[in-house]
Amino acid sequence: MAVGLAFLLAPPPASADTLFGSLVPETDAAPDTAAVELGVRFSTTVPGMITGVRFYKSTVNTGTHVGSFWNSAGQRLAQATFSGETASGWQSVTFTTPVAITPGSLYTASYFAPRGRYAATVGGFAAPYTSGRLTVPAGGGRYKYGGGYPVDNYLNINYFVDVMFTPSSTPSPTPTPTVPGETTLTLPPIPWEGGPAYWRNFPKANAAGWSSPTFFPIVVWFNGVSSNAEALYDKSIGINSYVGMWEGTPYSLFADNGIYWLGGKLNSSFNDTSKNWVGEFLDDEVDGRFPPAQGFAHLKALSDKVIGTGRFRYANFTQMVISSDMPPATAAQYVNPYTDAVSVDMYFYTIPYCDWRPYRDVYITPIDQAHCRTASSYGKTVRSLRMRDAADGKLQPMWQFVENLNGGPGEGPFVADITPAQLRAAVMNSVINEARGIVYFNQSFTGPCQGSAIFRQTQVNPSFCAAPQVDAARIVNSQIKALAPVINTQSYTYSFGSGLNTMLKAYNGSVYVFAMIDGSSSPGSRTFQLPAEVSGRTVTVLNENRTLTASSSGRFTDNFPAETTYHIYRIAK
């Protein structure tokens, strides 16, 4: 065992591969204060040397930190004490003697936090994570209270422990994660509001990390949080932000758990320095509750109170703002002058509208009755809202409401609960159509399964009737989170073929194609034609453990057996 003191290296040597580069955690300091060993389990595809370990530190993660490196049998191969640490940020230590590692074998890097308060991203390892030659398996974040070889996993947390790896041979080093945009195409980009950089316009959101390429807003509508355990549960299913909350909720629950509040000042524990109070929800469905002149005045008064606070303004509207039932100028006036993020609620899978006789197709992006109750209608809602938003020549993020069980009216009639497959599809189709955030409608007022806080009721009772839908939300949220650096890049305008609804991205040497069938055709086989500048022919289907091969001309075919089916493809550029 190599044991020794070492010095701080931040950032790591340019020649070293790392897992996380300059990425930062969602939570700087977990509320846990117990002494604990925190680690990451990983493997490499090439032989090389582990020269040291790193960890991300907050100002309250104090005491003497000791880094260790272990083989899969729990034998400590190297150890070193961190010295010269900065108050916060990435800390690095080198071993006296580097450790040789073998491709394909599992190893664990760890550090000891004597007073807890470690960095954490809940669900960060819900799926495998790869950076260049290094891969962390799902569930690769490990811990052990009191110290020693860390073997326990909780909520797939990433504790932001890292290694410094030097390959034995370095033919063409693969870069560690960096900001999106380093890979580009010559195709025309879509108009956008700026992606993560948009949030730099709002000091509170920017300081809280909303401008990070790894962050994607997943918001819940009225899901009270009364303990750290409840906050951690929400984070385990991908929730990071809240609209609607009991007025007595202490700010510390947001600060301690890396979650965000979008609303007014709940109580005296909130103040101008509350970092996790990032935005204000102005009001809900003002367009459906007021005559236009009164609605405009109401929104302006609410909006004026937020200007200058550093927080952004968010409002939700009814489907009228994207329909022909409201004059375009009125709809544009609602959507544009008062907000910095906007959404519409329309629950196509679970409301009676799609069954009306006669059926009224009133939306500015047409939705025919045969395809009304499909995922494509959620994406068309985003597209329609973007048209209204673009009327003033300025763009803001479009968020999309999706019901996590039922969005039907309390007086009925009951149509159906959203199925797990439909929930995932509605979310993904919204993202494909450039939604910059997802908001879950968290209540169910009709049908056999009802509740006022669906996510929380499922935590309290794992056998609750909405448990399958909540698990579906967890799955699609984790997919979005894993691909946030990709999703947060600017998309390109391109048609892959008929009968398809797609989103094209370029990131870190590859192109990504998010695909579903469009809202005017039936499930079945679809053929894709890759852009001419994409040279790769191996098509990796993410989250499905399979690959396809494109022809020499760049064509490949895949099956979409249901309208809810979605595939995400990665192809080397």
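The values are calculated or read from the model by the stated rules, or taken from the named source; none is laboratory data. Note that the coordinates shown come from a computational prediction; the quantities given were computed from them, not determined experimentally. Glycine also receives a Cβ, built like all others from the backbone with ideal geometry; neighbour counts cover every protein chain displayed.
When L134, L187, L106 are checked against the criterion of being over 18 Å from V46 (Cα atoms), aliphatic (A, V, I, L, M), at pLDDT 90 or above and outside the structural domain of A506 (by TED's automatic domain parsing), L187 stands alone in meeting it. Residues that are assigned to a loop (DSSP other than H, G, I, E, B), touching a residue at least 40 places away in the same chain (Cβ under 8 Å) and of a type outside the set (S, T, N, Q) occur in the range 305-316; there is at least one. When the residues of the range 328-344 are filtered to those that are of a type in the set (A, V, I, L, M, F, W, C) and buried (at least 23 other Cβ atoms within 10 Å of the Cβ), the one that is farthest from V362 (Cα to Cα) is A341. Restricting attention to the range 282-305, the residues that are surrounded by fewer than 21 Cβ atoms within 10 Å (Cβ to Cβ) and of a type in the set (A, V, I, L, M, F, W, C) total 6. Of the residues making up the range 150-165, those that are assigned to a loop (DSSP other than H, G, I, E, B), on the phi < 0 side of the Ramachandran plot and surrounded by 18 or more Cβ atoms within 10 Å (Cβ to Cβ) are P150, I157, Y159.
Selection of helices (runs of 4 or more DSSP H) fully inside the range 328-446 by the criterion of at least 2 residues being farther than 24 Å from K481 by Cβ returns 328-335, 376-389.
Number of residues in the range 188-227 that are surrounded by fewer than 18 Cβ atoms within 10 Å (Cβ to Cβ) and touching a helix residue (DSSP H, G or I) at 6+ places or on another chain (Cβ under 6 Å) equals 1.
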